[in-house]
Each structure stands twice: as structure tokens, then as C-alpha cells.
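Coordinate-derived values only; no laboratory data. Source: prediction; values computed, not measured. Because the Cβ atoms are built from the backbone with ideal geometry, glycine has one as well, and the counts that use them run over all protein chains shown.
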Amino acid sequence: MSSKTGEVILEIEGLKKYYDQKAVLDGINLSIKRGEVAVVIGPSGCGKTTLLKCVNGLEAHQEGSIRVDGKEVGSDDFSWIAARQKIGMVFQSYDLFPHMTVIDNILLGPVQVQRRDRAEVTLQADALLERVGLADRRGDYPRQLSGGQKQRIAIVRALCMNPDIMLFDEVTASLDPEMVREVLDVMLGLARQGMTMLIVTHEMEFAKAVADRIIFMDGGVIAEESDAKTFFKSPATERARRFLNTFYFE
Amino acid sequence: MSLNWDFIVEVIPIYRSAIILTIRIAIIGVVLSIIVGAVCSLINYYKVRGLNLLVRAYIELSRNTPLVIQLFFLYYGLPKLGIMLSNEACAILGLTFLGGSYMAESLRSGLEAVSRVQVELGLSIGLNTFQLIRFVIFPQAMSIAMPALGANCIFLIKETSVVSIIALRDLMSVTKELIGMYYNTTESLMLLVVCYLLLLLPVSFLLIFVERRLRYAEFGV
């Protein structure tokens, strides 16, 4: 992974997305390099989730371009089926497929979509489960797991596809407080291993710890973009200052 | 009141052949209904252009007309168009025409209950539309719709009791014949009830079993 650090994996230019007449994304420019961890923060409704959904084609955009691994969305040699195998996504709702056991949830993509050997993927899945501390739950059904456990499995499910980049959409926002940490620790571990990540979160301390770069969005645009240290210490814009202030009590 | 046991023993073979006919019509009819229903519900779910309205029209026509009348149309109407079908084929076709809409609506309720999040999840791991239906949407929809599908099965099996209208010797038909010939009303009707129970109770238990199996994953026992 680290051998190819620096190569651009995701490149977004002038991205615009409208719902009816309202622009939810109003000209986003963003590029993510291999091995980079970029954290998107900003107030509710600023377009963070929509941005992630555009990146893996769950929402269509109207203007601008998205390039995944050099291939432009909508061009002749581009297919979402192929692109989504390189883009792992973890959702806020910590949903698994409720009718499948943990291991079947994880194997579905690699075996059915990537046509990989079941035994080989099972080995990888078990190793990943071990890493997130859930090896003993491989035969359980999702209803038997807590929210935090489900979310860790969801991360494993995405990882098992061997993605080039992982998208995290407020993955701890719906979890009980005591379960947030176990999920964030898994993500922190991934970041340290050099996984390329685009993370939307409201956990500011986590953002500080994990981010190479902070992307502050407001009103459908990137209002500020800087390294984590600079951003949290001395945000350049008034909007970012006001946003950060909402997290402190005095 | 005493029962005429000699009569009962004598007519049991008649009931046996009638119940076999009923079972044959019911099984083929129910299976075809499920297939028709599955196709129709998916067309409605995906709002397939051109076909969606056609399917809606079929469903309304099918569930708002009685089976007896549908059978009349098939039995007396089709030959006028030059299509000759056996009585049994007409009965199966009629049952499928009726059952298809019931199955479609029950399945659609299941499909629409599968959350948007599940669909997005499936897409996000790269499933194509067919895989998404097969691995994610359909199993969950089936699990949700199972009680309604089971009720439809039993309803359709019972509906076969009208096929005597197109001269098929099913349970209802032989019962009426026997009453007409021998006036052993009590015995004949009792045998009729027993036959339907023998036919439907196992189906009912089977459905409970299938439902448990299907829903175990999501709901526990």
C-alpha cells in the first residue's frame, strides 16, 4: 500500500448536485491521495452525506466530474459495479443483512461480486474478525449483536472486498455512547495501517486524532481545508470558528 | 343419529379420486400463482415502463371478479377464439389467473417493506440488480410476506371447490352427485369436510414450519 503513496485515488471537480432547484453540493473540488485520511466535518445538512453517496453512485450528480482510480464516472470504460468494489462504504445506520449470519454478510460481496474463492475469503474474513475482536460471533445473526458490534462487522464486510478507499458516513452517530469507542478504535487502527479513508464525522476529538486533512463543509461548498492541527487550533474562517464553538461548553 | 357405514366405505374410493384431482389442480395452480405473482410484484416494485400499468390492470381484473366467472370465460370463451383446453387445464389456468394477483400484492407488500438502506447496502458492495434481488431484497420480502402468502395458499386450495362448474369431478362435485343419487346427505357432507381437513391441515402446519424457518434469521423462533 505505502509503496504507491501519493497516487490520486479519488478526484472530484466542480461537483454539483441539486434536489429540485436547491443545490446540496455547489461546486466541490477534492482529491484524495493513496494512504491519506481526510475527515469531512460541518453542520447538519451541509452536504457531507450527499458527497459520499455521490462518490459511490448512490446519488447521481448533475454537474462536475468524479474520477475513481483515474476512471471518470459516466465515461465508456466506467462501471459502478467495478468502482464500488474499490470503494468500501460504511453507513450511519449500522445495518447488516438481517437474514444472513455474520460470516455470510461478509462473504456475499467477495464471493458473488468478485467471484473469489470462498475458502480464501473465509480465511481473510476470519482474520479481520479477529482484528476487530469479533471472531467468536461469525455464526451469529445480526439481531444477536449490539450496534457497535454490527458496525465493526460492517467495516469488516467493506474491508474484505480489498477496497482502495473507505468511506465512512457518520458511522458512530446512531450508536450508544459506550459503543462509539470500539468502532473508532477500529478506524484508528485502519488509518495507522495506511488505509485511504474519507470520513464524515461529528466526533471532533477523533477527527483530531485520525485526520491528515480536515475538510470543513458548509452550505454545499468546502469552506475551509487544512491539516488537522491548524484547523482545530486556528480555523481560518469565521464559519468554522462558530461551528467548532458549538462543541465546547463554558 | 346413526351413520350408514357401509355407504361410507363404498364411496371412499370416489372421494379418493376426487381429492387427488383437487390436490393436482391446487398444487399446480398455487405454484404457478406464486411464479406469476413474483414476476408481477417485481414489475410493480421496479415500475417497469409499459408493463407496470398492464400488471396493475391484470391485478384489478383478477381480484375483483369471482373465480366462477373467470372459469366460465376460460371454459366457454376460449374455444370461441379457437383455443381448446381440457377442463383441468382451464381450472389450473383460472386458479393461476386469480391467485397471481393475490400473490403479487402480498409479495409487493414484502418488497416495499425492505428498507432503502438495505438496497443501498447491497449496491455499495457492488451487487448488480439481479444479485440485489436474489440475495438482499427477495429473501427479506419473502420473510415479511410469508404469513400473507400462506393465507393465499389456503384460500386458493379452498377456491378449487368451484371447479365443478366446468364439469370437473372434484370433492364438491362428487358430494353433490352422491347426495343427489343416494340421499345420504350427512355421510356425504361429513366425508367432504373430512377430506378438506385432511388436505388443508397438513398444508397449514407445513406453512407454519416454513414461516418459522424463513423468519428465524430475522426474528428468532
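Numbers at a glance
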quantity	calculated
Shielding by partners - mean other protein chain Cβ count within 10 Å, residues of A:92-100	6
The stretch B:94-172, Cα convex hull volume normalised per residue, Å³	89 Å³
Sorted largest first, extent of chain A alpha carbons per principal axis (Å)	52, 52, 41
Span from the the stretch B:158-221 Cα centroid across to the the stretch B:74-128 one, whole angstrom	23 Å
DSSP bridge pairs, the protein assembly as shown: antiparallel proportion in percent, nearest 5	55 percent
Bins of 10 Å, starting at 0 and running to the largest distance - Cα pair percent for the stretch A:118-250	11, 38, 31, 15, 6, 0
J(HN,Hα) series, the stretch A:64-69, from Karplus relation 6.51 cos²θ - 1.76 cosθ + 1.60, nearest Hz, glycine and proline x	x, 9, 10, 10, 10, 6
Folded to 0 to 90 degrees: helix B:171-182 orientation relative to chain B principal axis, Cα	10 degrees
Stokes-Einstein D for the protein assembly as shown, Kirkwood Rh over Cα pairs, 25 °C, 0.890 mPa s (µm²/s)	93 µm²/s
Cα-Cα over 29 Å, subset of A:K22/A:K233; A:K16/A:K150; A:K16/A:K86	A:K22/A:K233; A:K16/A:K150
Crossing angle, helix A:118-131 versus chain A [Cα axis fit, 0-90 degrees, rounded to tens]	60 degrees
Normalised per residue, the volume of the convex hull around the Cα set of the stretch B:5-218 (Å³)	134 Å³
Calculated on alpha-carbon atoms, Rg and Dmax of the stretch B:87-129 in Å	16.8, 51
Neighbourhood net charge (13 Å Cβ-Cβ; Lys/Arg +1, Asp/Glu -1) for B:L21	+1
Per-q log10 I(q)/I(0), the stretch A:186-250, q = 0.21, 0.24, 0.27, 0.29 Å⁻¹ (Debye; single scatterer per alpha-carbon; no solvent)	-0.90, -1.11, -1.31, -1.43
Distance between the stretch A:97-126 and the stretch A:23-82 - C-alpha centres, whole angstrom	27 Å
A:L145, B:L111 arranged by Cβ crowding within 10 Å, fewest neighbours leading	A:L145, B:L111
Using alpha carbons only: equivalent-ellipsoid semi-axes of the stretch A:1-106, gyration tensor based, whole Å	23, 20, 15
